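K.L.:
My structure is below; once you've seen it, I'll send some questions.
We did not get these values from a lab; they are worked out from the coordinates using the rules stated. Model, not experiment: these values are computed from the prediction. Cβ placement follows ideal geometry from the backbone for every residue including glycine, while neighbour counts extend to all protein chains displayed.
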Amino acid sequence: MGLLRMYAITAIVLALKMFAIDFVQGRARLSAKTFVNPEDAKAFQGRQAPEDVEMVQRGARAWRNDLENIPIFLILAWIYVTAGLSSGAFAVYCIVFMVARIAHTICYIAAVQPWRTIAFTIGAIATLAMMVQLFIGVVIA
């Protein structure tokens, strides 16, 4: 599989994963009929509360964690694609990172430890490994 195709698949899967968090949050709000915004409480015949229910907050924390990790991976991956390095190694980095981020989100939403931390660490290792290969293959070369 070509580098650009693998990059596109990775970016799309990760974006879809992040959108899934929105659905989890929306479902949690509607199930609890609890809303932070008064217009939402009125529109959905719910109650207004000073803060979101726990599941919505967990989703927000998972989303923030994605925003701290996914953009860095995608920027480095784009440099990798541009440099034209090994497509086999790139596929491994991307697949491992995608699976790790999906597992991290599932574990975050479900409040499962230590698997959430393990998934996070695996994704971070994939990112670090790609950085090392970029440093060797682009910067030092």
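K.L.:
Over the chain, what is the relative contact order in whole percent, taking alpha-carbon pairs under 8 Å and six or more residues apart? Intermediate results must be reported in sequence, preceding the final value.
P.N.:
Values: 131 pairs, mean separation 36.4, N = 141.
Computed value for the chain: 26 percent relative contact order.
K.L.:
Take Ser31, Ser87 and order them by how many other Cβ atoms sit within 10 Å, fewest up front.
P.N.:
On the way: Ser31 10, Ser87 16.
Ranking Ser31, Ser87 by Cβ neighbours within 10 Å, fewest first, gives Ser31, Ser87.
K.L.:
Turning to a different aspect of this structure: Which order do Cys94, Cys107 fall in if you start with the one that has the fewest other Cβ atoms within 10 Å? Could the numbers behind the result be given before it?
P.N.:
Numbers: Cys94 25, Cys107 19.
Lowest count first: Cys107, Cys94.
K.L.:
Have a look at Leu30, Ile122, Pro50 and report the one farthest towards the positive end of the charge dipole of the chain, computed about the Cα centre with Cβ charges (Lys/Arg +1, Asp/Glu -1).
P.N.:
Leu30
K.L.:
Multiplying the sequence separation of Phe19 and Leu128 by 0.36 nm and subtracting their Cα-Cα distance, what value in nm do you get?
P.N.:
Separation in residues times 0.36 nm, less the Cα-Cα distance, equals 36.7 nm.
K.L.:
Now a separate question. Under the Kirkwood approximation applied to all pairs of distinct alpha-carbon atoms, what is the hydrodynamic radius of region 19-141 in Å? Before the final figure, lay out the partial values.
P.N.:
Numbers: mean 1/r = 0.0613 Å⁻¹.
When all Cα pairs of region 19-141 are included, the Kirkwood radius is 16.3 Å.
K.L.:
Where Lys and Arg each count +1 and Asp and Glu each count -1, what net charge lies around Ala43 among other residues with Cβ under 14 Å from its Cβ?
P.N.:
Numbers: positive: Arg29, Lys33, Lys42, Arg47; negative: Glu39, Asp40.
Surrounding charge for Ala43 is +2.
K.L.:
What's the local net charge at Val13, with K and R +1, D and E -1, over the other residues with C-beta under 15 Å away? Write down the numbers at each step before the final one.
P.N.:
Details: positive: Arg5, Lys17, Arg101; negative: Asp66.
Counting the neighbours of Val13, the net charge comes to +2.
K.L.:
Can you work out ³J(HN,Hα) from phi for every residue in region 84-100, in order, using Karplus 6.51 cos²θ - 1.76 cosθ + 1.60 and θ = phi - 60°, giving whole Hz and x for Gly and Pro?
P.N.:
Result, ordered by residue: x, 6, 3, 6, x, 5, 4, 4, 5, 4, 5, 5, 4, 5, 4, 4, 5 Hz.
K.L.:
Let me check against my output: what whole-number percent is the relative contact order of region 1-72, with C-alpha pairs under 8 Å and at least 6 apart?
P.N.:
Values: 54 pairs, mean separation 20.8, N = 72.
Normalised by residue count, the contact order of region 1-72 is 29 percent.
K.L.:
Then there's this: Once you place label points 7 Å from the Cα toward the Cβ at Glu39 and Arg64, how far apart are they in nm?
P.N.:
Between Glu39 and Arg64, the simple spin-label model gives 2.5 nm.
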